[in-house]
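*Asks:* Got a structure for you, written out below as structure tokens; questions coming shortly.
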Amino acid sequence: MKFRALRHIFFPWLAAMLLALPARADELLMVRAERPFADAINDLQIAIQDHGYKVARIQRVDVGLASGGYATAEYRLVFFGKPEEMREIEDRYPELLPYLPLKIVIFAEGNSALALAYNPAILQGFFKIDPLQSRFQRWEKDIREILDQFAAQ
Amino acid sequence: MPLIQRLHRFIAACVVCTLGSAAPAAWATDDGAKLYAHHCAACHGSRGTGGVGVPLALPDFLAAADDNFLRKTIRLGRPGRVMPAFRQLSDAEVDTLIRYIRGWAPTGTSKAAIEKSSIKGNVERGGKLYARYCAACHGAHGEGGHGTGVTFSRPRDLPVLAPALNNPGLLAAASDATIKTTLMRGRRGTPMPSFLKLGLKEQDIDDLVVYVRAFKPETLPDPVQSMADEPPVIERASPYDMDKTVERLKEAIGAANMRLIRTESFDRTFSEDSRENKRHVVVDSCDFDFLNQALKIDPRVGLFLPCRFTLSERDGKVSVSTINPKRLSAIFNNSELNQLCDKMHKVYVDILEEATF
């Protein structure tokens with residue numbers, strides 16, 4: 001009967017179809033730190049500096065939201081980069097600028113804080129700039145390490 | 001191509017991609033706690049109590065979910081919802097994760113057996129019961145509650161979001177027995193009630209199971225297919241010089257009801273003591289109403305911020321560009337978010353065209 005067919009043919013087929021889609025879990029990197037936000041954002045900046053980057057600015061999105069009348073927990077963007085690297089890209093690959101400097105989003109969830117970034121490796125897929133491929137890979141390695149350091153402790 | 005042949009190709013493709021990506025990842029470990037912390041804790045909470053994702057450390061959930069359900073849920077994710085598909089993990093890693101999650105069951109409880117036999121019932125009756133008892137939370141067509149369920153420290157009416165029942169990932173993972181147990185027991189600690197306690201008979205529940213089972217899996221606007229062709233940036237050439245373009249851009253931003261945040265040379269965005277290279281200028285803006293709405297749907301949308309317009313001058317010609325939200329949304333696995341990105345894309349294009357008209 002109809003539902004039998006659904007179960008024995010359709011659902012296994014569906015599972016196979018879904019498995020055949022490209023994996024994506026790794027394009028977005030997200031970790032949790034079991035610490036109050038104030039400590040967590042401090043640790044995040046230290047982790048970024050430990051990896052040789054300069055924190056350029058912290059944008060307080062929550063403050064903007066609050067001024068618009070919306071209640072919200074802490075929500076910040078941390079921008080960072082290596083100045084000489086950013087300058088080089090500015091001169092040679094300005095098409096990348098809308099995606100730079102690098103950033104990590106950090107927000108509070110109760111007594112913990114979540115930090116996330118997109119995997120810089122996606123930029124190679126976006127822009128296909130071969131001379132920058134190893135740079136994107138290094139950014140990926142660094143951001144993974146920064147997030148791991150942030151989540152540890 | 002006949003279906004069966006396609007199926008073989010898919011399976012072959014899967015085997016290839018699983019093998020390919022299961023190769024020695026730097027953090028590969030057989031330690032369940034570490035795997036969980038690395039891949040799951042951000043959304044489901046360090047101890048499985050939920051957050052962006054539903055709670056997993058629930059006795060009623062663990063009693064309903066057999067290993068096959070957990071395995072398929074991890075592998076397939078819930079396409080179009082926030083739960084990602086973890087295809088990069090090895091089979092051994094998935095098994096380790098399952099054992100770790102099982103560790104949250106109260107001691108002494110036996111785990112759900114894998115039960116393949118199908119439950120019989122009356123779909124039409126099931127449909128009527130569904131409209132009456134389930135649609136309010138799970139949606140008229142099983143599309144689930146809106147948003148991600150993140151607490152995000154805001155006042156919320158439902159602490160845990162009702163999952164989509166018409167989701168291809170759920171329908172492929174759940175056996176009839178898993179769905180039935182869920183309806184019989186409910187999930188204490190979440191809004192999902194026990195329908196036995198609410199007075200339904202076992203036959204009613206069977207009818208509901210058959211109805212849920214017959215949901216047509218939602219056909220998803222596949223973000224991989226439709227978004228991968230999008231260019232990474234939206235760009236327009238300006239007929240004006242830099243100063244005039246900046247001026248017109250600010251007016252267009254104001255006309256779109258967005259708040260202007262700042263205008264500065266690009267190098268000020270990464271270094272205070274910069275050389276002030278005026279050939280690359282950024283204009284940041286924000287629409288806080290829109291942002292507030294977007295954060296309810298997905299707390300990760302900060303990755304789209306700031307709403308930035310980048311102006312570049314090359315050989316005396318000025319162009320203005322922004323990230324393309326449609327291209328970026330492809331990495332989020334959230335179909336509701338895709339709709340917002342369409343809207344944002346349109347706003348950006350309108351502003352760019354107005355400024356360079």
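The values are calculated or read from the model by the stated rules, or taken from the named source; none is laboratory data. Keep in mind it's a predicted model, so treat the numbers as computed, not measured. When we count neighbours, we look across all protein chains shown, and the Cβ atoms used for this are built from the backbone with ideal geometry, even at glycine. These area figures cover heavy atoms from the full protein model, side chains too; ligands, DNA and RNA do not enter into them. Shrake-Rupley method; radii C 1.70, N 1.55, O 1.52, S 1.80 Å.
*Asks:* Express in nm, to one decimal, how much length is gained between A:V63 and A:D50 on full extension, taking 0.36 nm for each residue of separation and deducting their alpha carbon distance.
*Replies:* Taking 0.36 nm per residue and subtracting the Cα distance, the gain is 1.9 nm.
*Asks:* From the backbone phi of segment B:250-256, what are the Karplus-calculated ³J(HN,Hα) couplings (6.51 cos²θ - 1.76 cosθ + 1.60, θ = phi - 60°) in whole Hz, Gly and Pro given as x?
*Replies:* 4, 4, 5, 5, x, 5, 8
*Asks:* Let's see if you can work this out: charge +1 on each Lys and Arg Cβ, -1 on each Asp and Glu Cβ, no other charges. What is the dipole magnitude of segment B:227-356 about its Cα centre, in debye to the nearest 20?
*Replies:* In debye, rounded to 20, segment B:227-356 gives about 100.
*Asks:* Probe radius 1.4 Å, ligands and nucleic acids left out: which of B:R300, B:R81, B:R71 has the largest accessible area, and how do the rest follow?
*Replies:* Correct descending sequence by accessible area is B:R71, B:R81, B:R300.
*Asks:* Let me ask you something else. Using a 1.4 angstrom probe and counting only protein chains, how large is the accessible area of B:I179 in Å², to 10?
*Replies:* Near enough 20 Å² of accessible area.
*Asks:* Under a point spin-label approximation (7 Å from Cα along Cα-to-Cβ), what is the B:T49-B:K111 distance to one decimal in nm?
*Replies:* With each label point 7 Å from Cα toward Cβ, the separation is 2.5 nm.
*Asks:* Moving on to the next point. What number comes out for accessible area per residue over segment B:227-356 if the probe is 1.4 Å? Units Å², please.
*Replies:* Ligands and nucleic acids excluded, the result is 41 Å² per residue.
*Asks:* Taking amide H positions as placed in the peptide plane 1.01 Å from N, state which residues far from A:K54 in sequence (5 or more) or on other chains have amide H under 5 Å from it.
*Replies:* Counting only residues 5 or more places away or on other chains, the set is A:G81, A:K82.
*Asks:* Mind checking which of A:G110, A:G125, A:G69 has the largest fluctuation in a GNM of chain A, springs on alpha carbons under 10 Å?
*Replies:* A:G69
*Asks:* Between B:R87 and residues 5 or more places away or on another chain, which pairs have amide H atoms under 5 Å apart, with H built 1.01 Å from N, and which residues are they?
*Replies:* So B:R87 has HN proximity to A:R24, A:A25.
*Asks:* Using a Gaussian network model of chain A with C-alpha springs under 10 Å, which one of A:L114, A:L96, A:L29 is most mobile by mean-square fluctuation?
*Replies:* Greatest mean-square fluctuation among the candidates belongs to A:L96.
*Asks:* Right, here's the next one. Each label point is 7 Å from the Cα along the Cα-to-Cβ direction; what then is the distance between the points at B:R71 and B:D229, in nm?
*Replies:* Distance between the two pseudo-spin positions: 3.7 nm.
*Asks:* Here is a further query. For a quick check of understanding: with a 1.4 angstrom probe and all protein chains in place, what accessible area in square angstrom does B:S110 have, to the nearest ten?
*Replies:* Spelled out: B:S110, probe radius 1.4 Å, area about 100 Å².
*Asks:* Another question, if that's okay. Among A:I58, B:I297, what's the order by accessible area (1.4 angstrom probe), most exposed first?
*Replies:* From most accessible down to least: A:I58, B:I297.
*Asks:* Spelling out what I want: for every residue of segment B:189-195, take phi, set θ = phi - 60°, compute 6.51 cos²θ - 1.76 cosθ + 1.60 (Karplus), and round to whole Hz; glycine and proline get x.
*Replies:* Whole-Hz 3J(HN,Hα) from phi for segment B:189-195: x, 9, x, 6, x, 7, 7.
*Asks:* Taking a probe of 1.4 Å, how large is the accessible area per residue of chain A, in Å²?
*Replies:* Normalised by residue count, the accessible surface of chain A is 41 Å².
*Asks:* Additional query: Rank A:E34, B:E313 by accessible area, highest first, at a 1.4 Å probe radius?
*Replies:* From most accessible down to least: A:E34, B:E313.
*Asks:* Rounded to the nearest 100 Å², what is the buried accessible area between B and A, both sides summed, probe 1.4 Å?
*Replies:* Interface between B and A: roughly 6800 Å².
*Asks:* In addition: Say we join alpha carbon atoms closer than 10 Å with springs in a Gaussian network model of chain A; which of A:D43, A:D62, A:D91 then has the biggest fluctuation?
*Replies:* A:D91
*Asks:* Another one. If you take each beta carbon of peptide B:38-45 and count the beta carbons of other chains within 10 angstrom, what is the mean?
*Replies:* 5
*Asks:* Using a 10 Å cut-off around each Cβ of peptide A:27-34, what is the average number of partner chain Cβ atoms that fall inside?
*Replies:* 6
*Asks:* Now for a different question. What accessible area, in Å² to the nearest ten, does a 1.4 Å probe give for A:E90?
*Replies:* Accessible area of A:E90: about 0 Å².
*Asks:* Determine the equivalent ellipsoid of segment B:227-356 by diagonalising the alpha-carbon gyration tensor, then write out the semi-axes as square roots of 5 times the eigenvalues, largest first, rounded to whole Å.
*Replies:* That gives 25, 16, 15 Å for the three semi-axes.
*Asks:* Within 10 Å of each Cβ in peptide A:98-105, how many partner chain Cβ atoms are there on average? Round it to a whole number, please.
*Replies:* Per-residue shielding by partner chains comes out at 5.
*Asks:* Quick one: Karplus J couplings for segment B:62-76, per residue in order, coefficients 6.51, -1.76, 1.60, θ = phi - 60°, nearest Hz, x for Gly and Pro?
*Replies:* Along segment B:62-76, the couplings run 5, 6, 8, 8, 7, 4, 5, 4, 5, 4, 5, 5, 5, 6, 8 Hz.
*Asks:* For A:E74, which sequence-distant residues (separation of 5 or more, or a different chain) have an amide H within less than 5 Å of its own amide H, given hydrogens modelled in the peptide plane?
*Replies:* The answer is A:A108.
*Asks:* Where in segment B:160-203 is the amide nitrogen less than 17 Å from a point lying 7 Å along the Cα-to-Cβ axis of B:K128?
*Replies:* So the set is B:200-203.
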